[in-house]
1. Among the residues of the range 101-110, is there at least one that is within 30 Å of residue 140 (Cβ to Cβ) and assigned to a strand (DSSP E or B)?
2. Return the total of residues in the range 13-70 being free of Cβ contacts under 8 Å to residues at least 24 places away in the same chain and out of contact with any helix residue (DSSP H, G or I) (no Cβ under 9 Å at 6 or more places or on another chain).
3. Can you give me the number of residues within the range 55-100 that are outside any loop (DSSP other than H, G, I, E, B) and assigned by TED's automatic domain parsing to the domain that holds residue 133?
4. Among the residues in the range 13-25, are any touching a strand residue (DSSP E or B) at 6+ places or on another chain (Cβ under 6 Å) and part of a loop (DSSP other than H, G, I, E, B)?
5. Regarding residue 169, is this residue in contact with a strand residue (DSSP E or B) (Cβ under 6 Å, 6 or more places away or on another chain) and at pLDDT below 95?
6. Filter the range 144-159 down to the residues that are at pLDDT 95 or above and touching a helix residue (DSSP H, G or I) at 6+ places or on another chain (Cβ under 6 Å) and list them by number.
7. Regarding residue 141, is this residue modelled with pLDDT of 95 or more, assigned to a loop (DSSP other than H, G, I, E, B) and surrounded by 12 or more Cβ atoms within 10 Å (Cβ to Cβ)?
8. Return yes or no: is residue 176 surrounded by 13 or more Cβ atoms within 10 Å (Cβ to Cβ), in contact with a strand residue (DSSP E or B) (Cβ under 8 Å, 6 or more places away or on another chain), at pLDDT below 60 and farther than 30 Å from residue 106 by Cβ?
């Protein structure tokens, strides 16, 4: 049974992936509607009635003592029209992804076990742990630089530190480890084609 549900804001943009319990509870308390393949929306009672006529459902059914209801694949929030916060979280995974798993000193691509997070201005000299002072470095380059500035170590950054730009709701869906369901694709495509592009 597949338990993930795509959550859309009221403008039908993908903003979140929830488990089925959370999704159904949002529909039950009338904060959301179930969305079908034809973009029709259903409140909890309507969805429960429709479920009675279904022989099967892609994500399966939940059975209670009094009724059986199909698990939704997509829900739309009734009032929420915002997009996810425009910040990329400062996590090890996001840092590695941002720099393409490359050492910013030698430019070579490595696996995660051969990369470290490197403070350009060492912490011992007041260097901060943020996007402006952290890059990825292979272990040999990291050891060579040690507790010095790149210039002092005779090294040069081939890849400068930058803060990644938020890619809108496409980031939420495309970066997710959850497999994209066929029923989600039109909403993922909608986010892909309608999100604002960066200016050159």
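1. yes
2. Residues in the range 13-70 being free of Cβ contacts under 8 Å to residues at least 24 places away in the same chain and out of contact with any helix residue (DSSP H, G or I) (no Cβ under 9 Å at 6 or more places or on another chain): 21 in total.
3. 7
4. Checked against the condition, which is being touching a strand residue (DSSP E or B) at 6+ places or on another chain (Cβ under 6 Å) and part of a loop (DSSP other than H, G, I, E, B), the range 13-25 yields no hits at all.
5. When the stated conditions are applied, residue 169 passes them.
6. 153, 155, listed by residue number.
7. no
8. yes
The values are calculated or read from the model by the stated rules, or taken from the named source; none is laboratory data. These numbers were taken from a predicted model, which means no experiment stands behind them. Here the Cβ is made from the backbone with ideal geometry for all residues, glycine too, and neighbour counts use every protein chain on show.
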